[in-house]
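Just below is one structure, and these are the notes that go with it.
The values are calculated or read from the model by the stated rules, or taken from the named source; none is laboratory data. Nothing here was measured: the structure is a model prediction, and the numbers come from that model. Cβ coordinates were reconstructed from backbone atoms using ideal geometry, including for glycine residues, and neighbour counts include every protein chain displayed.
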Amino acid sequence: MRQLSIFDFLESCGHEQREGFFSTHGAMYAKVNRDKVKGIPVELGDGVLYPGDFIKQLGEKERTSFAMKEGYFLRYCGMFEKALLFSVNDFVSDYYYAFYYIDRNMLLICSNAGARDVRIERLVKETGGDLKWSMI
């Protein structure tokens, strides 16, 4: 399954998305005004994710993980309702990757076709020299 980036989605949309959650091609997104995002830390796997932390992948096993393409990282921004919100690299907008937070070891990606779980045992953050990203 091809991972559609949020930028591919926005370019193909051709219209302004209302605030809320939407999904396409195996990813879940949210449009949320930045002032509504709660910049709070969250327990995830064996660690704590803080706003501004970068990750390459959530989960370890292929079927129950979510991984970004080479050169792209998820940057944790905070929570909205019961969802964790992530931007891509250092891009700032009101559009986010979204994952419903069930508990420290499970997130959900929901769509019209159903839901898929993301199981996290280890939290691996990317730091400094690891952050070589593609220009958006």
task: For region 56-128, please list each of the strands (runs of 3 or more DSSP E) lying entirely inside it that holds at least 3 residues being in contact with a His (Cβ under 6 Å, 6 or more places away or on another chain).
output: none
message: Exactly one of these conditions fails for A115: (1) surrounded by 15 or more Cβ atoms within 10 Å (Cβ to Cβ); (2) among the hydrophobic types (A, V, I, L, M, F, W, C); (3) without any contact (Cβ under 8 Å) to a residue 24 or more places away in the chain. Give me its number.
response: (1)
query: Out of all the residues in region 82-115, which are over 14 Å from the mean Cα position of the chain (by Cα) and farther than 17 Å from I55 by Cβ?
result: I102, D103, S111, N112, A113, G114, A115
message: For region 76-95, give me each residue that is exposed (fewer than 14 other Cβ atoms within 10 Å of the Cβ) and of a type in the set (D, E, K, R).
response: K82, D90
task: For residues that are assigned to a loop (DSSP other than H, G, I, E, B) and modelled with pLDDT under 95, scanning just region 23-51, find the one that is surrounded by the most Cβ atoms within 10 Å (Cβ to Cβ).
output: V32
task: Report yes if some residue within region 66-75 is of a type in the set (F, W, Y), surrounded by 14 or more Cβ atoms within 10 Å (Cβ to Cβ) and under 12 Å from F99 (Cα atoms); otherwise report no.
output: yes
- request: Report, ordered by the first and then the second residue, all pairs with beta carbons closer than 7 Å, sequence separation of six or more or different chains, a first member in region 19-36 that is touching a residue at least 60 places away in the same chain (Cβ under 8 Å) and farther than 13 Å from A83 by Cα, and a second member that is surrounded by 15 or more Cβ atoms within 10 Å (Cβ to Cβ) and small (G, A, S).
  value: S23/S111
- prompt: Which number in (1) within 16 Å of I120 (Cα to Cα); (2) without any contact (Cβ under 8 Å) to a residue 12 or more places away in the chain marks the one condition that G45 misses?
  reply: (2)
- line: For region 7-22, the count of residues that are modelled with pLDDT under 85 and either assigned to a loop (DSSP other than H, G, I, E, B) or surrounded by fewer than 17 Cβ atoms within 10 Å (Cβ to Cβ) (or both) equals 11
query: Of all residues in region 77-102 being in contact with a strand residue (DSSP E or B) (Cβ under 8 Å, 6 or more places away or on another chain) and of a type in the set (D, E, K, R), which is nearest to T24 (Cα to Cα)?
result: D94
